[in-house]
Amino acid sequence: MCGIIGYIGNKKAGPILLDGLKKLEYRGYDSSGIAVIDGGVISVIKSVGMIEALDEKCSGGELLNGTVGIGHTRWATHGAPSDVNSHPHLSSDKRFAIVHNGIIENFESLRTELKSLGYKFVGETDSEVIAKLIQHLYNGNIISALRAVIDRLEGSYAVGIISADKPDTLYAIRKDNPLVVGLGNGENFIASDYTAALEHTKRFVLLDDKEIAEITATSTKFYDINGKLVKKTPYTIEWNIEEAQKGGYNHFMLKEIYEQPKALTRTLRPRISGDEIKLDKIEFDAEHLSSVERIDIIGCGSAYHAGIVGRSFIEKHCRIPVNNFLASEYIYSDPITGPKTLTIIISQSGETADTLAALKLAHSRGSKTLAVVNVVQSAIARAADDVLYTHAGPEIAVATTKGYTTQIVALYLIGLKMALKKGTITTKRYKELIRGLTKLPDKVEDMLLETEVEKIKEYAEKFYNHKCVFFMGRGTDYAASLEGALKLKEISYIHAEAYAAGELKHGTISLIEDDTLTLALVTQEKLYHKMESNIKAVKARGGTVIALASRANSKIKSCSDLLLTIPECDDDISPVLTAVQLQLFAYYVALKRGCEIDKPRNLAKSVTVE
Ligand code: AGP
């Protein structure tokens, strides 16, 4: 996914832009560039490939003078990765430069219209039309021109703009794509996410859809589509820059795996006092809750998997039917939803296009929406009726870890609060689960300190060359195995497949042959014997089985080849612990295979286009 940084202040813009782009590398990209206004002329330097190439081309940004500029990391959607397709793009008269995140859906018709008016295009991107369109609609007043541009653009966009006619001002517009304005002392920033500007400021203002930001070194003004000034309230991001840096770990992913005790504590602690669960401003009003006939949980990728884990917990304790939907399927399924459905939307970034679209669709049909999100003030957080932040802190690695486990815990809290309100859980069981949740951070801490990690490294060494790995489990272990498979495949590029262990004989068993590796999750006491026979069936066909079991079930070792264990915990909340083991397994396999762990090929941290 692309990244945007813009700077206006009293320092040289070049080095600040370069540094901001480096903070955005984790989003995945294939080219980058910067543009700076230098003596009333816009200078642009851009390069295909990694930011090091750009850094070299512009000597770390020092080559360009000027204190106003924009920068971009591009993840190609229209037009191959190349110098000419990289951003920033210039207007034909070179008086405007822009950087763009998102997709302009009507770019072909705009391109044809502008070409017929004599504008020449140098690249194949949709973004380039924005630069030409600004020039075409500009008549001396940039705000009016940008209002007219917003009227003409269809699709999603976050755009940073500089103009040689207004060398002391930075502009931005956005629709359905994140853009924040960072407020410094004598300097201001625009960024596609906080991490690019966090080193300079923790105070931000959010640009809303179809608004225009007019930013100088010492002031910020915001206009709505009608040109009316809009008042904005700054907010502070509680993240510190260290959290957004590697802090001595080789990879962000490993750092974020080890941050999980702290992240889980931040999710849990503000919400549990004694035996009471307080979900911030979310009050499950008894009347509304009694009218809820079903719950839809929607997300993509790992967020979807967290929803499946949440479903087994919520159904079990709230006795309300729960459906899981992939957001991309939900939005085209003409869903049966309405006031009697509670829709829970899950997203770490809060910017995933399909998930945002699903939220808007559910909302439009009268369903109350509750978002479980990590990034504060993200589009999904702002569009939902209620939001429960996971407070996991910045998650930089593309493969989510703490983002996922904190989503699960947030769903457990929601489930417990609802179950108590509905009277579908005994006080005894409610208190047991509360206790179990409050102990999770320490249990994760223990796992991360123990020899289990050494065992996982050993297993990774043994199996990193496998072409395919299976994950199986029953009940909540099956839900947890889905995420284990995704983690392994997305960072090690090994084909991995999760299936409900009870399905073994309905097809998958035909694939089991000598040395086929299966990770079998065995944490559910009541399903122990079923899992035992599934493991024996896999082994009878020559398969190799690593059992991932709770210490109480470690006897499963007798019928498995290898064993990984998690500390004793309540069966209903074991997916948080099994997730950590499976994250570490995926990490060390990918490390052994020499994969680009934090930025897996073709993947982006947040898919903000459909
Ligand atoms: C998970 O490791 C992936 N990065 C991906 O599946 C991710 O969970 C999915 O794209 C959803 O992202 P979100 O939580 O930011 O909406």
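The values are calculated or read from the model by the stated rules, or taken from the named source; none is laboratory data. This one's a predicted model, so the numbers in the text were calculated from it and none came from an experiment. For neighbour counting, all protein chains shown are included, and Cβ atoms are generated from backbone atoms with ideal geometry for every residue, glycine included. These area figures cover heavy atoms from the full protein model, side chains too; ligands, DNA and RNA do not enter into them. Shrake-Rupley method; radii C 1.70, N 1.55, O 1.52, S 1.80 Å.
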Margin query: Can you tell me, using C-alpha contacts under 8 Å and at least 6 residues apart, the relative contact order of the stretch 448-606 as a whole percent?
Written below: 29
Next item on the list: Specify the angular offset, from 0 to 90 degrees and rounded to the nearest 10, of the alpha carbon long axis of helix 402-422 from the longest principal axis of the alpha carbons in the chain.
Entry: 70
Margin query: Let me cross-check Thr369: its accessible surface, 1.4 Å probe, with only protein heavy atoms counted, in Å² to the nearest 10?
Written below: 0
Next item on the list: Could you calculate the FRET efficiency of Ser92 with Arg269 from 1/(1 + (r/R0)^6), where r is the beta carbon distance between them and R0 is 45 Å, rounded to 0.05?
Entry: 0.20
Margin query: So for the stretch 178-326, if I pair up every lysine 8 or more residues apart or on another chain, how many of those pairs have alpha-carbons under 17 Å apart?
Written below: 9
Next item on the list: Starting at the first residue of the stretch 389-399, write each ³J(HN,Hα) from the Karplus equation 6.51 cos²θ - 1.76 cosθ + 1.60 with θ = phi - 60°, in whole Hz, x for Gly and Pro.
Entry: 6, 7, 6, 6, x, x, 10, 8, 4, 4, 7
Margin query: Using the Karplus curve 6.51 cos²θ - 1.76 cosθ + 1.60 with θ = phi - 60°, what ³J(HN,Hα) values do you get for each residue of the stretch 433-450, in whole Hz, with x for Gly and Pro?
Written below: 5, 4, 4, x, 5, 5, 8, 4, x, 5, 5, 5, 4, 4, 4, 6, 8, 7
Item checked: Solvent-accessible area of Lys417 with every protein chain in place, 1.4 Å probe, in Å² to the nearest 10 -> 30
Next item on the list: Return one whole number: the accessible area per residue of the stretch 1-159 in Å², for a 1.4 Å probe.
Entry: 34
Notebook entry, point to check: What dipole magnitude, in Debye to the nearest 20, does the chain give about its Cα centre under +1 on Lys/Arg Cβ and -1 on Asp/Glu Cβ?
Noted result: 860
Checklist line | Accessible area in square angstrom per residue, the stretch 559-610, 1.4 angstrom probe | finding: 30
Margin query: Just to confirm a number: summing +1 for Lys and Arg and -1 for Asp and Glu over residues other than Leu63 whose beta-carbon lies under 13 angstrom from that of Leu63, what do you get?
Written below: -1
Check: Which order do Tyr528, Tyr249 take by accessible area at a 1.4 Å probe, largest first?
Finding: Tyr249, Tyr528
Next item on the list: Would you pull out the residues with amide H under 5 Å of Asn324's amide H, same chain only if 5 or more places away, H placed 1.01 Å from N?
Entry: Ile297
Next item on the list: Quick one: which residues, 5 or more positions from Val607 or on another chain, have an amide H under 5 Å from its amide H? H modelled 1.01 Å from N in the peptide plane, none for Pro or chain starts.
Entry: Ala353
Item checked: Cα centre as origin, Lys/Arg/Asp/Glu Cβ charges: the stretch 214-364 dipole, Debye -> 240
Next item on the list: First compute the accessible area of the chain with a 1.4 Å probe, then give the percent of it belonging to carbon and sulfur atoms.
Entry: 50
Check: Taking only Cα atoms, what is the 0 to 90° angle, nearest 10, from helix 575-592's long axis to the longest principal axis of the chain?
Finding: 70
Notebook entry, point to check: Taking the Cα atoms only, what angle lies between the long axis of helix 301-318 and the longest principal axis of the chain, rounded to 10 degrees?
Noted result: 50
Margin query: Roughly how far apart, in whole Å, are the Cα centres of the stretch 439-456 and the stretch 297-312?
Written below: 24
Checklist line | Surface accessible to a 1.4 Å probe, per residue, for the residues of the stretch 216-328, Å² | finding: 47
Notebook entry, point to check: Residue by residue through the stretch 541-551, which ³J(HN,Hα) values in whole Hz follow from phi under the Karplus form 6.51 cos²θ - 1.76 cosθ + 1.60 (θ = phi - 60°), with glycine and proline marked x?
Noted result: 9, x, x, 9, 10, 9, 8, 10, 10, 7, 4
Checklist line | Built amide H within the under 5 Å cut-off of Glu154, gap 5+ | finding: Glu105, Asn106
